[in-house]
1. Which condition from (1) more than 20 Å from Arg131 (Cβ to Cβ); (2) part of a loop (DSSP other than H, G, I, E, B) is the one that Ala29 breaks?
2. Can you tell me which residues in the stretch 77-105 are in contact with an Asp or Glu (Cβ under 8 Å, 6 or more places away or on another chain) and either among the acidic types (Asp, Glu) or over 18 Å from Pro42 (Cα atoms) (or both)?
3. Determine, yes or no, whether Arg130 is touching a Phe, Trp or Tyr at 6+ places or on another chain (Cβ under 7 Å) and surrounded by fewer than 21 Cβ atoms within 10 Å (Cβ to Cβ).
4. In the set Thr209, Thr162, Thr219, which member is assigned to a loop (DSSP other than H, G, I, E, B) and either in contact with a Leu (Cβ under 7 Å, 6 or more places away or on another chain) or among the basic types (Lys, Arg) (or both)?
5. Which one of Ala167, Ala78 is within 22 Å of Ala225 (Cα to Cα), within 18 Å of the chain's Cα centre (by Cα), assigned to a helix (DSSP H, G or I) and not β-branched (Val, Ile, Thr)?
6. Would you be able to say whether some residue in the stretch 48-59 is modelled with pLDDT under 95, more than 19 Å from the chain's Cα centre (by Cα) and part of a loop (DSSP other than H, G, I, E, B)?
7. Being surrounded by fewer than 17 Cβ atoms within 10 Å (Cβ to Cβ), modelled with pLDDT under 95, assigned to a helix (DSSP H, G or I) and aliphatic (A, V, I, L, M) is true for just one of Ala286, Ala267, Ala263. Which residue is that?
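The values are calculated or read from the model by the stated rules, or taken from the named source; none is laboratory data. Not measured: the values here are computed from a predicted model. Cβ placement follows ideal geometry from the backbone for every residue including glycine, while neighbour counts extend to all protein chains displayed.
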Amino acid sequence: MIAAGHDRPDGMPAIPDWSAPDALALMDATGVAVSMLSVSSPGVHLGDTARTVALARTVNDEGAALVAAHPDRFGLFASLPLPDVDAAVAEAAYAYDTLHADGIVLLTHYDGTYVRDPAFEPLMAELDRRRAVVLLHPTSPAGWRETCLGRPRPMLEFPFDTTRAVARLVLDRVLTDHPRIRFIVPHAGAALPVLADRIAAFAFLETETPVDVVNALRTLHYDVAGLALPRALPALLQLVGADRLLYGSDHPFTAGWVVEGMASTLASHDFLPPDGKQALLSGNAARLFPRLSG
């Protein structure tokens, strides 16, 4: 990342430290039984296609080794070497068939090509065939220099890019065409809970057979990483039920002491009845990842 000019990824102050022992210690302190490993933005595509393929394989092998060393504490979302679609399909096969990955992580776009783009259709078909769990993660959009207000892009650009990517998946009927892919939308749905009705209204104007936007959004899963309380999570619960929520920490880009504080708030807040809170904290994840349900 440093060699490719990402020493301050997406405008964040630095690349955070991470190690398995430190992660396990934080998990124990926070009451987290299992963590899902994934590579965050800017991902593995750092400008050179051949190096992207090699880097995806390296991080996936390393992630699988961590899972093998701690099989009941870690799961793995494999990274793919997009925008090379053929290589991505091959790496997905390797991740599932050889590494036994638990899912796939996709960025919202790759060099400005959003995951809904028709060029990615062979990958979507493969992920659908495998009933893949796919974690979406935002990255800096094109033109961020003009729109980020001089602040780190996770502040505004990440939520908007997530919203843009998911809206395209819905409006372009990717969810309808590939209903067996189980997408996880990060950060309490970004701006989608607030904009869902607006997107639905414009979809109704576009065609004689409009997409049912709200019901499509209700088929997705949503993690509550980031500052979900006090406002974002109640807004999301106006769109989906507790059965669609997943705990998320955003560690290590979110510092350990913040992770502990937010986890404690989630556990003690009265925004959900006890059965709904239990679904968010463990039950829903156990259904998505039966290998880790114990």
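1. Result: Ala29 fails condition (2) only.
2. Hits for the stretch 77-105 are Val89, Ala92, Ala93, Leu99.
3. Details: touching a Phe, Trp or Tyr at 6+ places or on another chain (Cβ under 7 Å): yes; surrounded by fewer than 21 Cβ atoms within 10 Å (Cβ to Cβ): yes.
It is true that Arg130 is touching a Phe, Trp or Tyr at 6+ places or on another chain (Cβ under 7 Å) and surrounded by fewer than 21 Cβ atoms within 10 Å (Cβ to Cβ).
4. Numbers: Thr209 fails: either in contact with a Leu (Cβ under 7 Å, 6 or more places away or on another chain) or among the basic types (Lys, Arg) (or both); Thr162 fails: assigned to a loop (DSSP other than H, G, I, E, B).
Residue meeting the stated conditions: Thr219.
5. Just a single option satisfies the conditions, and that option is Ala167.
6. Yes.
7. Answer to the selection: Ala267.
Results for (1) among the hydroxyl-bearing types (Ser, Thr, Tyr); (2) touching a residue at least 24 places away in the same chain (Cβ under 8 Å); (3) touching a His at 6+ places or on another chain (Cβ under 6 Å); (4) surrounded by 17 or more Cβ atoms within 10 Å (Cβ to Cβ), shown as yes or no for each residue.
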residue: Leu236; (1), (2), (3), (4): no, yes, no, yes
residue: Ala242; (1), (2), (3), (4): no, yes, no, yes
residue: Phe253; (1), (2), (3), (4): no, yes, no, yes
residue: Trp257; (1), (2), (3), (4): no, no, no, no
residue: Leu280; (1), (2), (3), (4): no, yes, no, yes
residue: Arg291; (1), (2), (3), (4): no, yes, no, no
